């Protein structure tokens, strides 16, 4: 494949994914409602597939649920999304955005939900106020609507943080080293 075709395909994938990375709505209240619906759907799916996670989330310092669209072409990948973090002690919710980019070996578009369980109040605080992470990920997914299958990953960072990913729609086969940045959404937080 010519270099120009690869660049054009990558730009097209980025434009398609960029159109899908923010919560839908015309004002902050509608966007918060949209995020609440996404959160509820993702948690219900996680509880169906991994029932033990409901107790993990209830007993955690807090948890986050994010919607992410990621695109990868050969050696480059990127994506973004949105979500909400809930502090189980205070009940406060913090709306956040996320972006990622990095080196990838693979091709595809992946729409997934990421559920992050924080077992440490300190780690939860740092995540909300400073964001993070550097991730090494490998996955295989081939799913469209109700057809196909996806391998959900589970990552445990010394038990302070546990991450689950649920693929919604997408086709991806990749291994990547990507940096992810999470930050507070200025529009949706009070």
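Fully extending the segment from residue 33 to residue 55, taken as 0.36 nm per residue of separation minus the present Cα-Cα distance, adds 5.4 nm. Computed from label points 7 Å out along Cα-Cβ, the spacing between residue 44 and residue 130 is 3.7 nm. Note on residue 99 and residue 183: the model spin-label points, each 7 Å out from Cα along the C-beta direction, lie 0.7 nm apart.
Extension gain for residue 89-residue 24 works out to 20.5 nm (0.36 nm per residue, less the C-alpha to C-alpha distance).
Each value in this text was obtained by applying a stated rule to the coordinates, not by laboratory testing. Quick caveat, the model's predicted, so the values are computed rather than measured. Neighbour counts run over all protein chains shown; Cβ positions are idealised from the backbone, glycine included.
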